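Taking it in order: structure first as C-alpha coordinates, then the write-up.
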Amino acid sequence: MKLGCQTAPTTDEHLKYLARYGVKNICGYPVIADERLYATVDELQRMKDLAAKNGIEVDMIAPPFLASISVDVDKHAAIMLGQSPERDHDIEAIQTLIKNCAAAGIPAIKYNLQIVGDARIARTAGRGDAMYATWKFSEAHPKTPLTRAGNVSAEESWARITYFLDRVIPVANEYKVRMALHPDDPGVPPQGYQGDHRVLGTVDGLKRFVSIQESAYHGLNFCQGTVSEMLADPGKEIFDVIRYFGTRDKIFNVHFRNIRGHRDDFVETFPDEGDVDFVRAIRTYQEVGYKYMIMPDHVPQAETDPKGLQSFAFCYGYIRGLLQSAAEPV
(Lines give C-alpha, C1' and ligand atoms only; values in the text may rest on other atoms or scores of the structure.)
Protein backbone atom coordinates (compact mmCIF):
# COMPACT_ATOMS: atom_id res chain seq x y z
CA MET A 1 0.00 0.00 0.00
CA LYS A 2 1.22 3.48 -0.86
CA LEU A 3 0.25 6.95 0.35
CA GLY A 4 -1.29 8.71 -2.65
CA CYS A 5 -3.18 11.83 -3.64
CA GLN A 6 -5.52 12.92 -6.43
CA THR A 7 -5.43 16.69 -5.97
CA ALA A 8 -4.82 18.90 -8.98
CA PRO A 9 -3.10 20.49 -10.77
CA THR A 10 -0.06 18.37 -11.60
CA THR A 11 2.24 21.38 -11.68
CA ASP A 12 5.77 21.74 -10.35
CA GLU A 13 4.52 23.86 -7.43
CA HIS A 14 1.86 21.37 -6.39
CA LEU A 15 4.16 18.39 -6.86
CA LYS A 16 6.66 20.03 -4.49
CA TYR A 17 3.86 20.47 -1.94
CA LEU A 18 2.98 16.77 -2.23
CA ALA A 19 6.62 15.70 -1.95
CA ARG A 20 7.01 17.89 1.15
CA TYR A 21 4.52 15.69 3.00
CA GLY A 22 5.84 12.34 1.81
CA VAL A 23 3.44 11.70 -1.07
CA LYS A 24 5.36 9.70 -3.69
CA ASN A 25 2.48 8.29 -5.78
CA ILE A 26 -0.39 10.21 -7.35
CA CYS A 27 -3.33 10.32 -9.68
CA GLY A 28 -2.13 12.88 -12.19
CA TYR A 29 -3.80 15.41 -14.49
CA PRO A 30 -1.95 15.94 -17.77
CA VAL A 31 -2.18 19.25 -19.60
CA ILE A 32 -4.32 18.47 -22.67
CA ALA A 33 -4.33 20.78 -25.68
CA ASP A 34 -7.20 21.69 -28.01
CA GLU A 35 -9.96 20.57 -25.57
CA ARG A 36 -9.31 16.98 -26.59
CA LEU A 37 -11.00 14.30 -24.45
CA TYR A 38 -7.79 12.30 -24.23
CA ALA A 39 -4.13 13.02 -23.56
CA THR A 40 -1.47 12.15 -26.12
CA VAL A 41 1.50 9.97 -25.22
CA ASP A 42 3.71 13.08 -25.27
CA GLU A 43 1.37 14.94 -22.91
CA LEU A 44 1.32 11.99 -20.53
CA GLN A 45 5.10 11.66 -20.68
CA ARG A 46 5.64 15.35 -19.92
CA MET A 47 3.45 14.98 -16.82
CA LYS A 48 5.36 11.87 -15.74
CA ASP A 49 8.73 13.57 -16.27
CA LEU A 50 7.66 16.58 -14.20
CA ALA A 51 6.47 14.30 -11.39
CA ALA A 52 9.69 12.27 -11.53
CA LYS A 53 11.76 15.45 -11.06
CA ASN A 54 10.03 15.73 -7.69
CA GLY A 55 10.46 12.07 -6.76
CA ILE A 56 6.83 11.19 -7.53
CA GLU A 57 5.35 8.43 -9.67
CA VAL A 58 2.08 8.75 -11.60
CA ASP A 59 0.14 5.57 -10.78
CA MET A 60 -3.19 6.69 -12.27
CA ILE A 61 -4.81 9.51 -14.21
CA ALA A 62 -8.30 10.95 -14.54
CA PRO A 63 -9.74 11.71 -17.99
CA PRO A 64 -10.89 15.28 -18.72
CA PHE A 65 -14.52 14.14 -18.51
CA LEU A 66 -16.52 11.38 -16.73
CA ALA A 67 -16.20 13.40 -13.54
CA SER A 68 -18.41 13.48 -10.43
CA ILE A 69 -20.62 16.30 -11.71
CA SER A 70 -24.23 16.63 -12.79
CA VAL A 71 -25.16 16.10 -16.42
CA ASP A 72 -26.72 19.57 -16.21
CA VAL A 73 -23.24 21.15 -16.14
CA ASP A 74 -21.29 18.43 -17.95
CA LYS A 75 -20.46 19.28 -21.58
CA HIS A 76 -19.67 15.63 -22.33
CA ALA A 77 -22.48 13.63 -20.68
CA ALA A 78 -23.60 11.56 -23.66
CA ILE A 79 -22.55 8.23 -22.13
CA MET A 80 -24.93 8.50 -19.19
CA LEU A 81 -27.55 10.30 -21.26
CA GLY A 82 -27.53 7.37 -23.66
CA GLN A 83 -27.05 9.63 -26.68
CA SER A 84 -25.62 8.16 -29.86
CA PRO A 85 -23.51 8.90 -31.87
CA GLU A 86 -22.09 11.37 -29.30
CA ARG A 87 -21.45 8.66 -26.71
CA ASP A 88 -19.59 6.57 -29.28
CA HIS A 89 -17.24 9.50 -29.91
CA ASP A 90 -16.68 9.88 -26.16
CA ILE A 91 -16.07 6.15 -25.74
CA GLU A 92 -13.56 6.28 -28.59
CA ALA A 93 -11.70 9.01 -26.66
CA ILE A 94 -11.51 6.74 -23.60
CA GLN A 95 -10.26 3.89 -25.78
CA THR A 96 -7.53 6.14 -27.16
CA LEU A 97 -6.63 7.30 -23.65
CA ILE A 98 -6.23 3.69 -22.53
CA LYS A 99 -3.87 2.97 -25.43
CA ASN A 100 -1.85 6.11 -24.72
CA CYS A 101 -1.60 5.34 -21.00
CA ALA A 102 -0.22 1.91 -21.84
CA ALA A 103 2.37 3.46 -24.15
CA ALA A 104 3.37 5.98 -21.46
CA GLY A 105 3.53 3.38 -18.70
CA ILE A 106 0.55 4.62 -16.66
CA PRO A 107 -1.28 1.56 -15.30
CA ALA A 108 -4.71 2.89 -14.27
CA ILE A 109 -7.51 5.35 -15.04
CA LYS A 110 -10.20 6.47 -12.59
CA TYR A 111 -13.61 7.65 -13.77
CA ASN A 112 -17.26 8.22 -12.84
CA LEU A 113 -20.55 7.26 -14.49
CA GLN A 114 -22.94 9.71 -12.83
CA ILE A 115 -26.12 11.56 -13.68
CA VAL A 116 -26.65 13.70 -10.57
CA GLY A 117 -23.05 14.15 -9.44
CA ASP A 118 -21.94 14.49 -5.83
CA ALA A 119 -24.83 15.81 -3.71
CA ARG A 120 -24.59 17.69 -0.42
CA ILE A 121 -26.93 20.15 1.32
CA ALA A 122 -24.69 22.31 3.52
CA ARG A 123 -21.67 22.42 5.80
CA THR A 124 -21.75 21.68 9.52
CA ALA A 125 -19.39 23.09 12.13
CA GLY A 126 -16.68 20.62 13.16
CA ARG A 127 -13.70 20.82 15.46
CA GLY A 128 -11.93 24.15 15.65
CA ASP A 129 -12.98 26.30 12.72
CA ALA A 130 -13.43 23.35 10.34
CA MET A 131 -16.64 22.92 8.38
CA TYR A 132 -17.83 19.47 7.31
CA ALA A 133 -19.74 18.64 4.14
CA THR A 134 -23.21 17.39 5.09
CA TRP A 135 -25.92 15.26 3.49
CA LYS A 136 -29.39 14.69 4.87
CA PHE A 137 -31.75 13.27 2.26
CA SER A 138 -34.85 14.43 4.14
CA GLU A 139 -33.67 18.04 3.83
CA ALA A 140 -32.37 17.90 0.26
CA HIS A 141 -34.02 20.39 -2.11
CA PRO A 142 -32.42 20.27 -5.56
CA LYS A 143 -32.68 23.28 -7.86
CA THR A 144 -34.79 21.25 -10.27
CA PRO A 145 -36.87 18.12 -9.67
CA LEU A 146 -35.12 16.38 -12.59
CA THR A 147 -31.82 16.76 -14.40
CA ARG A 148 -31.84 17.11 -18.18
CA ALA A 149 -31.65 13.31 -18.27
CA GLY A 150 -35.28 13.20 -17.08
CA ASN A 151 -36.54 10.12 -15.30
CA VAL A 152 -34.00 7.33 -15.80
CA SER A 153 -35.03 3.90 -14.59
CA ALA A 154 -32.55 1.59 -12.93
CA GLU A 155 -32.51 -0.71 -15.94
CA GLU A 156 -31.93 2.22 -18.31
CA SER A 157 -28.92 3.19 -16.21
CA TRP A 158 -27.61 -0.38 -16.29
CA ALA A 159 -28.05 -0.51 -20.05
CA ARG A 160 -25.97 2.67 -20.49
CA ILE A 161 -23.29 1.46 -18.09
CA THR A 162 -23.12 -1.91 -19.86
CA TYR A 163 -22.92 -0.21 -23.28
CA PHE A 164 -19.85 1.66 -22.01
CA LEU A 165 -18.18 -1.34 -20.37
CA ASP A 166 -18.72 -3.63 -23.37
CA ARG A 167 -16.70 -1.23 -25.50
CA VAL A 168 -14.08 -0.08 -23.01
CA ILE A 169 -13.06 -3.06 -20.88
CA PRO A 170 -11.94 -5.23 -23.86
CA VAL A 171 -9.52 -2.40 -24.76
CA ALA A 172 -8.36 -2.21 -21.13
CA ASN A 173 -7.74 -5.97 -21.26
CA GLU A 174 -5.72 -5.67 -24.45
CA TYR A 175 -3.53 -2.85 -23.15
CA LYS A 176 -3.46 -3.98 -19.48
CA VAL A 177 -4.72 -0.71 -17.99
CA ARG A 178 -6.93 -0.91 -14.91
CA MET A 179 -10.24 1.00 -15.13
CA ALA A 180 -11.35 2.17 -11.67
CA LEU A 181 -14.93 3.40 -11.23
CA HIS A 182 -15.93 5.72 -8.38
CA PRO A 183 -19.34 4.85 -6.86
CA ASP A 184 -22.32 7.24 -6.87
CA ASP A 185 -21.92 9.72 -4.03
CA PRO A 186 -24.14 9.53 -2.08
CA GLY A 187 -26.50 6.63 -2.55
CA VAL A 188 -30.18 7.50 -2.22
CA PRO A 189 -33.42 5.71 -1.24
CA PRO A 190 -35.17 3.46 -3.80
CA GLN A 191 -37.35 6.29 -5.12
CA GLY A 192 -34.22 7.99 -6.44
CA TYR A 193 -33.12 11.62 -6.54
CA GLN A 194 -33.71 14.06 -9.39
CA GLY A 195 -35.01 11.18 -11.48
CA ASP A 196 -31.85 9.08 -10.98
CA HIS A 197 -31.94 5.78 -9.07
CA ARG A 198 -28.17 5.90 -8.52
CA VAL A 199 -27.60 2.22 -9.25
CA LEU A 200 -23.92 2.58 -8.35
CA GLY A 201 -24.88 3.90 -4.92
CA THR A 202 -25.43 0.56 -3.17
CA VAL A 203 -23.11 -2.31 -2.33
CA ASP A 204 -25.32 -4.67 -4.34
CA GLY A 205 -25.07 -2.27 -7.27
CA LEU A 206 -21.28 -2.29 -7.07
CA LYS A 207 -21.29 -6.08 -6.94
CA ARG A 208 -23.40 -6.15 -10.09
CA PHE A 209 -21.11 -3.59 -11.74
CA VAL A 210 -17.91 -5.58 -11.26
CA SER A 211 -19.62 -8.72 -12.57
CA ILE A 212 -20.67 -7.18 -15.91
CA GLN A 213 -17.22 -7.85 -17.37
CA GLU A 214 -14.99 -10.64 -16.09
CA SER A 215 -11.66 -8.86 -16.22
CA ALA A 216 -8.63 -8.20 -14.06
CA TYR A 217 -8.72 -4.63 -15.43
CA HIS A 218 -12.33 -3.83 -14.45
CA GLY A 219 -12.82 -2.67 -10.87
CA LEU A 220 -13.33 0.17 -8.44
CA ASN A 221 -11.89 3.42 -7.31
CA PHE A 222 -13.08 2.31 -3.87
CA CYS A 223 -14.16 5.46 -2.08
CA GLN A 224 -14.43 4.19 1.48
CA GLY A 225 -16.32 7.34 2.45
CA THR A 226 -18.91 6.88 -0.29
CA VAL A 227 -19.31 3.18 0.48
CA SER A 228 -19.72 4.02 4.18
CA GLU A 229 -22.52 6.39 3.13
CA MET A 230 -24.35 3.38 1.65
CA LEU A 231 -24.51 1.53 4.97
CA ALA A 232 -26.88 1.56 7.94
CA ASP A 233 -23.99 1.02 10.37
CA PRO A 234 -20.71 1.80 8.59
CA GLY A 235 -18.62 1.38 11.75
CA LYS A 236 -19.51 -2.32 11.73
CA GLU A 237 -20.31 -3.10 8.08
CA ILE A 238 -17.52 -1.49 6.06
CA PHE A 239 -14.89 -4.13 6.82
CA ASP A 240 -16.81 -6.97 5.19
CA VAL A 241 -17.40 -4.77 2.14
CA ILE A 242 -13.65 -4.16 1.88
CA ARG A 243 -13.11 -7.91 2.15
CA TYR A 244 -15.69 -8.70 -0.55
CA PHE A 245 -14.11 -6.49 -3.19
CA GLY A 246 -10.55 -6.80 -1.92
CA THR A 247 -10.41 -10.59 -2.00
CA ARG A 248 -11.68 -10.43 -5.60
CA ASP A 249 -8.95 -7.95 -6.60
CA LYS A 250 -11.55 -5.33 -7.55
CA ILE A 251 -10.08 -2.43 -5.56
CA PHE A 252 -7.69 -0.41 -7.73
CA ASN A 253 -7.53 2.77 -5.62
CA VAL A 254 -8.81 3.79 -2.17
CA HIS A 255 -10.28 7.15 -1.16
CA PHE A 256 -9.65 6.96 2.58
CA ARG A 257 -12.39 9.20 3.95
CA ASN A 258 -14.40 8.95 7.15
CA ILE A 259 -17.96 9.96 7.98
CA ARG A 260 -20.11 10.37 11.06
CA GLY A 261 -23.61 9.04 10.50
CA HIS A 262 -25.08 6.56 8.05
CA ARG A 263 -27.04 6.18 4.82
CA ASP A 264 -29.08 9.31 3.99
CA ASP A 265 -27.73 11.31 6.98
CA PHE A 266 -24.02 12.00 7.52
CA VAL A 267 -21.19 14.54 7.75
CA GLU A 268 -17.68 14.10 6.32
CA THR A 269 -15.08 14.29 9.09
CA PHE A 270 -11.35 14.17 9.52
CA PRO A 271 -10.10 10.56 9.29
CA ASP A 272 -9.48 10.17 13.02
CA GLU A 273 -12.93 11.20 14.29
CA GLY A 274 -15.56 9.43 12.19
CA ASP A 275 -17.52 6.26 12.86
CA VAL A 276 -15.10 3.96 11.03
CA ASP A 277 -12.01 2.72 12.89
CA PHE A 278 -9.24 3.58 10.43
CA VAL A 279 -6.65 1.45 12.20
CA ARG A 280 -8.89 -1.57 11.68
CA ALA A 281 -9.63 -0.43 8.12
CA ILE A 282 -5.96 -0.20 7.10
CA ARG A 283 -5.33 -3.66 8.52
CA THR A 284 -8.32 -4.98 6.55
CA TYR A 285 -6.80 -3.70 3.30
CA GLN A 286 -3.56 -5.33 4.37
CA GLU A 287 -5.44 -8.57 5.11
CA VAL A 288 -6.86 -8.76 1.58
CA GLY A 289 -3.51 -8.02 -0.05
CA TYR A 290 -4.38 -4.56 -1.38
CA LYS A 291 -1.28 -3.04 -3.03
CA TYR A 292 -2.17 0.31 -4.58
CA MET A 293 -2.69 3.88 -3.34
CA ILE A 294 -4.47 4.99 -0.16
CA MET A 295 -5.40 8.66 -0.47
CA PRO A 296 -7.39 11.36 1.34
CA ASP A 297 -10.56 12.73 -0.21
CA HIS A 298 -13.11 15.51 0.51
CA VAL A 299 -11.21 17.08 3.40
CA PRO A 300 -12.94 19.50 5.80
CA GLN A 301 -12.72 23.19 4.93
CA ALA A 302 -11.82 26.28 6.93
CA GLU A 303 -11.74 30.00 6.13
CA THR A 304 -8.03 30.08 6.97
CA ASP A 305 -7.36 27.10 4.66
CA PRO A 306 -9.49 27.82 1.58
CA LYS A 307 -7.71 25.33 -0.69
CA GLY A 308 -7.64 22.58 1.94
CA LEU A 309 -3.85 22.27 1.86
CA GLN A 310 -3.58 22.12 5.66
CA SER A 311 -6.36 19.55 5.93
CA PHE A 312 -4.75 17.40 3.23
CA ALA A 313 -1.37 17.66 4.97
CA PHE A 314 -2.96 16.39 8.20
CA CYS A 315 -4.46 13.46 6.27
CA TYR A 316 -1.15 12.62 4.58
CA GLY A 317 0.58 12.38 7.93
CA TYR A 318 -2.24 10.38 9.46
CA ILE A 319 -2.32 7.86 6.59
CA ARG A 320 1.47 7.64 6.47
CA GLY A 321 1.53 6.78 10.18
CA LEU A 322 -1.17 4.13 9.70
CA LEU A 323 0.76 2.54 6.84
CA GLN A 324 3.95 2.45 8.90
CA SER A 325 2.04 0.92 11.80
CA ALA A 326 0.41 -1.68 9.57
CA ALA A 327 3.84 -2.77 8.37
CA GLU A 328 4.73 -3.81 11.92
CA PRO A 329 3.56 -7.15 13.41
CA VAL A 330 0.46 -6.91 15.59
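Looking at (1) under 26 Å from K291 (Cα atoms); (2) open to solvent by less than 10 Å² (accessible area, probe 1.4 Å); (3) not in a loop (DSSP other than H, G, I, E, B); (4) not acidic (D, E), which is the one condition that is false for I79?
(1)
Give region 293-314 a look and list any residue that's assigned to a loop (DSSP other than H, G, I, E, B) and open to solvent by 50 Å² or more (accessible area, probe 1.4 Å), or say none. Write out each step before concluding.
Pass one, region 293-314, residues assigned to a loop (DSSP other than H, G, I, E, B): 296-300, 303-304, 306-308.
Correct list: H298, E303, T304, P306, K307.
Could you figure out which of (1) surrounded by fewer than 20 Cβ atoms within 10 Å (Cβ to Cβ); (2) of a type in the set (D, E, K, R); (3) under 20 Å from the mean Cα position of the chain (by Cα) isn't true of K53?
Answer for K53: the failing condition is (3).
Under the condition of being polar (S, T, N, Q) and touching a residue at least 60 places away in the same chain (Cβ under 8 Å), which residue from region 264-292 is surrounded by the most Cβ atoms within 10 Å (Cβ to Cβ)? Working first, answer last.
First, the residues of region 264-292 that are polar (S, T, N, Q): 269, 284, 286.
Within this subset, residues satisfying the condition of being touching a residue at least 60 places away in the same chain (Cβ under 8 Å) are 269, 286.
On the way: T269: 25, Q286: 15.
The selected residue is T269.
Which residues, counting only those in region 82-130, are more than 25 Å from P145 (Cα to Cα), among the aliphatic types (A, V, I, L, M) and not in a loop (DSSP other than H, G, I, E, B)?
I91, A93, I94, L97, I98, A102, A103, A104, A108, I109, A125
Suppose the filter is open to solvent by 40 Å² or more (accessible area, probe 1.4 Å) and closer than 21 Å to M60 by Cβ; does P142 pass it? Show your work before the answer.
Working: open to solvent by 40 Å² or more (accessible area, probe 1.4 Å): yes; closer than 21 Å to M60 by Cβ: no.
So P142 fails the test.
Among the residues of region 174-184 satisfying the criterion of being farther than 18 Å from S153 by Cα and among the charged types (D, E, K, R), which is least open to solvent (accessible area, probe 1.4 Å)? Step through it out loud before you land on a result.
Here is the first cut: in region 174-184, the residues farther than 18 Å from S153 by Cα are 174-182.
When the remaining residues are screened for being among the charged types (D, E, K, R), the result is 174, 176, 178.
Details: E174: 123, K176: 127, R178: 39 Å².
Taking the candidates together, the pick is R178.
Go through region 161-191 and give me each residue that's free of Cβ contacts under 8 Å to residues at least 24 places away in the same chain and within 23 Å of A232 (Cβ to Cβ).
Those that are free of Cβ contacts under 8 Å to residues at least 24 places away in the same chain and within 23 Å of A232 (Cβ to Cβ): P190, Q191.
The values are calculated or read from the model by the stated rules, or taken from the named source; none is laboratory data. Predicted model, so just to flag it, every value in this text is computed and none were measured. So basically every Cβ, Gly included, is an ideal-geometry build from the backbone, and we count neighbours across all protein chains shown. When the accessible area is computed, the model is the full protein with side chains, heavy atoms only, and any ligands, DNA or RNA have been set aside. Shrake-Rupley method; radii C 1.70, N 1.55, O 1.52, S 1.80 Å.
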